Each structure stands twice: as C-alpha cells, then as structure tokens.
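Enquirer: Take this structure, written in structure tokens, and hold onto it; I'll ask about it next.
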Amino acid sequence: MHAESTITERKAAALAAFKDLARDPGVPKPDPILVVDNVVRRFGGLTAVEVDHVEVQRGSITALIGPNGAGKTTFFNQLTGFDTADSGSWTFNGRAMNGVPAHRVARSGMVRTFQLTKALSRLTVLENMRLGAQQQKGETFWRALIPGSWRGQENEITERAEELLARFKLDTKRDDFAGSLSGGQRKLLEMARALMVQPELVMLDEPMAGVNPALTQSLLGHVKDLRDQGMTVLFVEHDMDMVRDISDWVIVMAQGAVIAEGPPSTIMSDERVIDAYLGAHHDAPLSEGELEAQLHEAEAALDAEIEGETQK
Ligand SMILES: Nc1ncnc2c1ncn2[C@@H]1O[C@H](COP(=O)(O)OP(=O)(O)OP(=O)(O)O)[C@@H](O)[C@H]1O
C-alpha cells in the first residue's frame, strides 16, 4: 500500500516531475497560462471542489480526469465564471479572474465548449456559430440571432464562421438544424463555436462523448491542431485512449480534490488514480500488469456508463 502523502508533498512531487521534464531538450519550460489556488465550492454539506493548487502550462494539452462526481465540471464552471466559488483565486495570463462574469472570461481569451442543449439543437449550425461570437460581447442570447443587430461586424462574423465550418467539414451543414448532426459532428460544432472568439485557452467538456469511432481520429486531429496553432487546451474526458494519445499532462481529481498529476505515461499506472476510479484501497502492492488491467476494467465500466447516458 502506498504511503499517505499530504497535499503539499503531492504538489512538490508534481512540480519536481514537471521540472524534470523541463530539463529534457525540446520540452518547454514551465510557463503557466492558468494558475489556480485554494478554490472551494460547496453545495450545502457537500464539498464539490476543493483544489489547493493547479497550473496549466501554456501551449500544452492538459487532461482533467477523475471518476463520476469528482468535481471536474463544477471546477470548469468556477474557472469560466458560470458559477461562483465560495473561496479561492485564479489567474489567467497573470490577470485575476475570480468573480469575473462568463462573457468577460470568454472575452479575455479563455473559452469553454458547451454540450449542444435542446434549445441550441433547434438553431441552425450557422446560428450556433453566431452565438459563439456573441459570447465575446456579452450580448443577450437572441440579439446574436437578429439580422442587422451586429451591423458592421456581421460580415466579419459570418466570414469567420464559414471559414471555421469549412475547416471542421461542417460547411455543407451550415443551414441545417444543429439537432440533425451526428454525435461527432456536434462535438466538432461545439469546438468550432468556441473558436469564434479566437481564444488562447480552449476548455473542452468531454470532447469524445457520444462520438462514433469513425470520427475519433478527426476529432483528435482537431484538438492537436489547436495546440499546433499556439492555443492551450484543457479538457475533461472519460476516454482514456484519448487522454493517453494527446495529453502532455494529466490532472486527476477525486472527491473534489486533485489527487495526482503527471505525464500520461506515469499517471495511468499511479495507484492513487486506480484507487480513485475503483473507490477501493489495496492492501498488497499490485504489479504493473495488474494495475493496467484494473484501469482498463474501470475505463470499460465508465465507457458503458457514458454509452448509457448518451443513449437516454
Ligand atoms: N448545482 C449543484 N447542486 C448540488 N450539487 C451539485 C451541483 N452541481 C454538482 N453537484 C455535486 O457536486 C459533485 C461534483 O459534480 P460534478 O458534476 O462537478 O462532477 P464531475 O467530475 O464533472 O462528474 P461527471 O464525470 O459525472 O460529469 C457531485 O456530487 C454532484 O452531485
């Protein structure tokens, strides 16, 4: 059984690991775009988020993983101004962001994707893209859809939307209702919509959920493209193959707290991570093969659960 370590020890270990990585030629030096300290969000007696310290490095693809109910979405909501933290502080590009409303957060260059809700499904693909641009201005929902309300900006916005739709191979769907898109196309639209504001940090909420395997590679390619174009990506995901394939760094949450972080190669066989997914503690140390097998089992269970959710 691994020795219990304090949060401070874990933080020191994670930082040391990152510094080791930074010594390798070709690996960028730590340059955090997002720094989070002591963020707490409680719902009644439940502490949904209690994160003492997290950094997201500029130009990286960072995965935020953890079992259901770990607090990942709640944490995303705090950072992006969609919910108010009980306490804590965070900076984006060195600017304090706590208490900043969602549209200002987006305008500052930190944008999250949203699952296509029922209301958004009834709008066309192009209208969804316009709403993405509207996020930047903090205009009311409907104003973004009224022709003429954008005046000088309207052509510019349509042009950018069309460019992005072509890049994500959704241009032929421009006037279709978003609700008619397949699971994978919806995810592409969510990503394209977020890019309407030309963000520096893109936060993706389960980009692989409900995506047909045929579109998986294309989606992974688009996420890597964001990094290649100089953006930073932070994503919440249950699909461990995606996490392993594209992440530079993985942060693991359980019961509201960050319990481990590191490169995917080491984090996937970290006993604390396995324990968190299984909700169990091991008395005897497991071999690497056993750890890997247990993680796969936990992944399969999660996949089945997500499959059930998306078919509801
Ligand atoms: N608005 C709310 N009111 C009360 N409890 C909430 C609220 N939002 C989240 N919670 C609770 O906070 C905890 C964390 O939930 P959250 O959705 O952030 O987890 P998650 O890691 O995103 O889970 P999943 O992977 O299943 O989406 C859960 O116990 C959840 O029930």
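Bear in mind that the values in this text are calculations on the coordinates, not laboratory data. Since we're looking at a predicted model, the values are computed, not measured. Every residue, glycine among them, receives a Cβ derived from its backbone with ideal geometry; neighbour counts consider all protein chains shown.
Enquirer: Would you mind checking which residues have amide H under 5 Å from Val258's amide H? H placed 1.01 Å from N; only 5 or more apart, or other chain.
Expert: Asp52
Enquirer: Given a Förster distance of 22 angstrom, what is the FRET efficiency for Gln229 paired with Lys169, based on the Cβ-Cβ distance and rounded to 0.05?
Expert: That pair, Gln229 with Lys169, gives E of 0.80.
Enquirer: Name the residues whose placed amide hydrogens come within less than 5 Å of the amide hydrogen of Leu123, ignoring near sequence neighbours (fewer than 5 apart) on the same chain.
Expert: Ala178, Gly179
Enquirer: Rounded to the nearest 20 Debye, what is the dipole magnitude of region 92-131 about its Cα centre when Lys and Arg each give +1 and Asp and Glu each give -1 at the C-beta?
Expert: Dipole about the Cα centre, nearest 20: 60 debye.
Enquirer: Between region 157-208 and region 66-94, what is the C-alpha centre distance in whole Å?
Expert: Answer, in whole Å: 24.
Enquirer: Under 1.5 on a/c is rounded, so check that first for region 51-98, then, if it is not, pick prolate when a/b is larger than b/c and oblate when it is not; a ≥ b ≥ c are the square roots of the alpha carbon gyration tensor eigenvalues.
Expert: Note, shape of region 51-98 comes out oblate.
Enquirer: Under 5 Å between amide hydrogens, which residues at least 5 positions from Thr232 or on another chain qualify, with H placed 1.01 Å from N in the peptide plane?
Expert: When sequence neighbours closer than 5 places are left aside, the close amide H contacts are Gly59, Leu201, Val202.
Enquirer: Arranged from highest to lowest average of other beta-carbon atoms within 10 Å per residue, in what order do the peptides 240-248, 58-66 appear? List each step's numbers first, then the result.
Expert: On the way: 240-248: 18.2, 58-66: 22.6.
Order by mean packing, descending: 58-66, 240-248.
Enquirer: Using the Karplus equation 6.51 cos²θ - 1.76 cosθ + 1.60 (θ = phi - 60°), what ³J(HN,Hα) coupling, rounded to whole Hz, does each residue of region 253-265 give in order, writing x for Gly and Pro?
Expert: Calculated HN-Hα couplings, in order: 10, 8, 6, x, 10, 7, 9, 6, 8, x, x, x, 4 Hz.
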